[in-house]
Structures are given as structure tokens and as C-alpha cells.
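Enquirer: Quick one: the structure is below, questions incoming.
Where a number appears in this text, it was derived from the coordinates with a stated rule and is not lab data. As the structure is a computational prediction, the values presented were derived from the model and not from experiment. Here the Cβ positions follow ideal geometry from the backbone for every residue, glycine too, while neighbour counts run over all protein chains shown.
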Amino acid sequence: MANDSKVKQHIPKELRYSMRDFNLEFPNDSACLQYIADQKYPEGRAQCAKCKQVRKHHRVGNRTAYACDYCGSQIYPLVGTIFEKSTTPLKTWFYAMYLIGSTRCGISAKQVQRETGVTYKTAWRMFKQIRSLLSEGDLQLEGPTVEVDETYVGGVRKYGVGRPMRGDKKKTAVVGIVQRRGMAIAKVVSDATAKRLLGVVRKHVTPGSTVYTDEFPSYNTLAKGRRYIHRRIRHAAGIYVKGDIHTNSVEGLWSLIKRGIGGVYHHVDPEYLQHYLDEYCFRYNRRHSGNQQFKAILLRASRQVS
């Protein structure tokens, strides 16, 4: 009789990457170093500074150096990456990236400390360095429909409710832009004025797109000059969906970020908040990639240049 109680995988086979797969591909530091070298120097060929030609290179003993087969001049794959000058084993770095890419809500440095045996200071520094790779830069959301909303991240104020006043030191303003069924970005802003919010929109949203927002006054001039088609939903009137007019996609992003920060990190210093937003948007933008998100992070780390 067939075993009908077997739990089905919700991730397609081609997108799965388990801990077993990780350990098979990266059993030790040498395998990790070779992966980085292969990304930087395909087929072991790199520009030799002395020969002034592209030459084959081979690893020098147990060092992190690769030498030119012709003249012996050496190159170092880790130079210009987050691994440069780090005394932490490469496999520990790779494992930390695997954890970040395999979770939906994030993972704390304390958890990495418990699992790898490094100090909390080392784990926190590793995560800080890894998050620095996850920014989407000047990502352009091409529409045709995008949603824009602002929110506030931070501690609980002792007095007052509703939208924070300007100069509030407890809350940090963030603007989010989500392409329906597509990509997303979230940016820390100094305030939620029209100048600040619309500046972010104009930088990241292609002209001609239809932009959906709520009734917040800072969006009043969004359609000025016919740059965008502006549609608004009136939350204050208790209306959250009217046909295709809503901001549910960007509010879903806020839910993911706030639940993650509150449940995993508990508190994020405003100085580092953008890095955490980059982390959540990176995962959101690759939500259909299964556990292959790890490889996307690893590629950025391997090909990073100073």
C-alpha cells in the first residue's frame, strides 16, 4: 500500500537547494575558494600583471593565491570581496549566506553564533557585510502598474498615536514601491514630504506608469506634467479595494518587513535600517527562486570588486 502521508514539497525540484546539497558542493574552505576563483577567473584564466596576457593560473599550495602557469606571478581571488582579510573560515561565510537565502523572515546573528561557534561580534559583522551586497541599486520598475506607500519603522512612542510628527526620534520614515506581480524596493527617507517621496518615485518608476497610492497629501502632485497616471484609494473612508485600485501589494511588503524585524531582530538601529530593507527586498524580488536565492547572494559576493 502506498504511503499517502508523505508531505509534498511546495518548492519545485529544480529550485530546491537543501543543507545536504550545500555540504556536498562546499565540503570545506578549499571548495569555497575554488568556487570564488571560478567565478572571477573562468576556466582558470586571468590577466597576468607581469605577462600582460590572459594566462592559466593554478592554486599555490594551501594559500589563497593563484599563480600564473608561465611566470609565477600571483593573484588573489578574495581581494576586493567581503572575505578579504577575514580570519573566519570561508565555509562559515558561505553557510551564513545560505541561511540568509533560505529563510523568508530573516535570521539573527545570535542564531549564526549558536550554529557555527563564532562570536556574536563576528556573526554580526558577517551579516552586516553580506547585507551590503543585497542592494538593488537604481532598480527601475517598468510598470505598467506600481503601488507606492510610506510607513514608519522603529520603537513605540511613549505619547501620541497615528502618523509621527516631523522630528520624531522613535520612528524612521520608509517609502516602498512595488510593481504588481513583480519587483519591489524600499528606501529610508528623512521625512515623508512630497519632495522626498516623489523624488524616490521619479528615480525608480518609469514615466507613463499607472501609480496607485492612498490619499496621503504628499502624493497630490504625482501626476503633475502627466508623468504618471495616478489612482488613489481612500483608506480614511474605509475603502481598501475598488476594482483594480488598491495598495495591497505594497502593504504585503510592509507586513513581511515589520513581522521579520519585530520577530527576528526585535530592534534595528536607524543607521543600519536600509541594509535590512535591502535584505527583505532582495528576497521578495526572488521569491519564485526557491532556495536558489543563496546562489544569487554567492554570485554577488564572488564577483564583488573593490
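Enquirer: If a/c stays under 1.5 just call it rounded; otherwise compare a/b with b/c (prolate if a/b is bigger, oblate if not). Do that for the stretch 43-160, with a ≥ b ≥ c from the square roots of the Cα gyration tensor eigenvalues.
Expert: Oblate, since a/c reaches 1.5 and b/c is not below a/b.
Enquirer: Percent antiparallel among DSSP beta bridges with both residues in the chain, to the nearest 5?
Expert: Close to 75 percent.
Enquirer: Taking a ≥ b ≥ c as the square roots of the eigenvalues of the Cα gyration tensor of the stretch 249-306, is the shape rounded (a/c under 1.5), prolate (a/b larger than b/c) or oblate?
Expert: Oblate, because a/c is 1.5 or more while a/b does not exceed b/c.
Enquirer: Which loop trypsin sites (Lys or Arg not before Pro) in the stretch 256-299, with loop taken from DSSP, have no more than 14 other Cβ atoms within 10 angstrom of their Cβ?
Expert: Arg287
Enquirer: Tell me which residues come under 5 Å, amide H to amide H, from Asp191 once H is placed; ignore anything under 5 positions away on its chain.
Expert: The list, which skips near neighbours in sequence, is empty: none.
Enquirer: Does anyone have the angle between helix 90-102 and the longest principal axis of the chain? Alpha-carbon axes, 0 to 90°, nearest 10?
Expert: Here the helix axis deviates by roughly 30 degrees.
Enquirer: In addition: Decide, for the stretch 145-286, between rounded, prolate and oblate: order the square roots of the alpha carbon gyration tensor eigenvalues as a ≥ b ≥ c, take rounded if a/c falls under 1.5, and otherwise choose prolate if a/b is larger than b/c, else oblate.
Expert: Note, shape of the stretch 145-286 comes out prolate.
Enquirer: Between beta-carbons, use under 14 Å as the cut-off and find the net charge around Leu222, counting Lys and Arg +1, Asp and Glu -1.
Expert: +4
Enquirer: Select from the stretch 218-306 those GluC sites (Glu not before Pro) which occupy a DSSP coil region and have at most 13 other Cβ atoms within 10 Å, ordered by residue number.
Expert: Of the GluC sites (Glu not before Pro), the ones in loops of the stretch 218-306 whose Cβ has at most 13 other Cβ atoms within 10 Å are Glu271.
Enquirer: Given the stretch 145-286, what percent of its DSSP beta bridges are antiparallel, to the nearest 5?
Expert: Roughly 70 percent of the DSSP beta bridges within the stretch 145-286 come out antiparallel.
Enquirer: Read through the labelled values (i) 183; (ii) 213; (iii) 135 and report the label of the one computed as volume of the Cα convex hull per residue in Å³ from the structure.
Expert: It is the one labelled (ii).
Enquirer: How large is the helix-only mean residue ellipticity at 222 nm for the chain, computed as the sum of -39500 (n - 2.57) over DSSP H runs with n ≥ 4, divided by its residue count, in deg cm²/dmol to the nearest 500?
Expert: Rounded to the nearest 500, the figure is -10000 deg cm²/dmol.
Enquirer: Now for a separate question. What is the set of long-range amide H partners of Leu141 at a cut-off below 5 Å, with H atoms built 1.01 Å from backbone N?
Expert: Long-range HN contacts for Leu141: Val205, Thr206.
Enquirer: Sort Lys52, Lys110 so the one with the fewest other Cβ atoms within 10 Å of its own Cβ comes first.
Expert: With the fewest neighbours first, Lys52, Lys110 line up as Lys52, Lys110.
Enquirer: In the chain, which longest range has no chymotrypsin sites (Phe, Trp or Tyr not before Pro) that are both DSSP loop (not H, G, I, E or B) and surrounded by at most 16 other Cβ atoms within 10 Å?
Expert: 71-158
Enquirer: Quick one: 3J(HN,Hα) in Hz for the stretch 58-63, Karplus 6.51/-1.76/1.60 with θ = phi - 60°, rounded, Gly and Pro as x.
Expert: Karplus-based 3J(HN,Hα) across the stretch 58-63 equals 10, 6, 9, x, 9, 7 Hz.
Enquirer: Among the lysines, which have Cα under 16 Å from the Cα of Lys224 when same-chain residues fewer than 8 positions away are ignored?
Expert: Once the sequence-local lysines are set aside, what remains near Lys224 is Lys195, Lys203.
Enquirer: Tell me, what HN-Hα J-couplings in whole Hz come from the Karplus equation 6.51 cos²θ - 1.76 cosθ + 1.60 at θ = phi - 60° for each residue of the stretch 35-51, using x for Gly and Pro?
Expert: Computed from phi, the couplings for the stretch 35-51 are 4, 4, 4, 5, 6, 7, 10, x, 6, x, 9, 8, 6, 8, 5, 7, 6 Hz.
Enquirer: Given the Cα-Cα distance of Met19 and Ala65 and 0.36 nm per residue of separation, how much length would full extension add, in nm?
Expert: Length gained, Met19 through Ala65: 13.7 nm.
Enquirer: Counting other beta carbons within 10 Å of each Cβ, put Asp191, Asp138, Asp214 in order, fewest first.
Expert: The fewest-first ordering by Cβ neighbours comes to Asp138, Asp191, Asp214.
Enquirer: Reachable lysines from Lys91, Cα under 19 Å, same-chain residues fewer than 8 places away excluded?
Expert: Output for Lys91: Lys40, Lys110, Lys121, Lys128, Lys295.
Enquirer: Which order results if Thr87, Thr221, Thr210 are arranged by neighbouring Cβ count within 10 Å, fewest first?
Expert: Thr87, Thr221, Thr210
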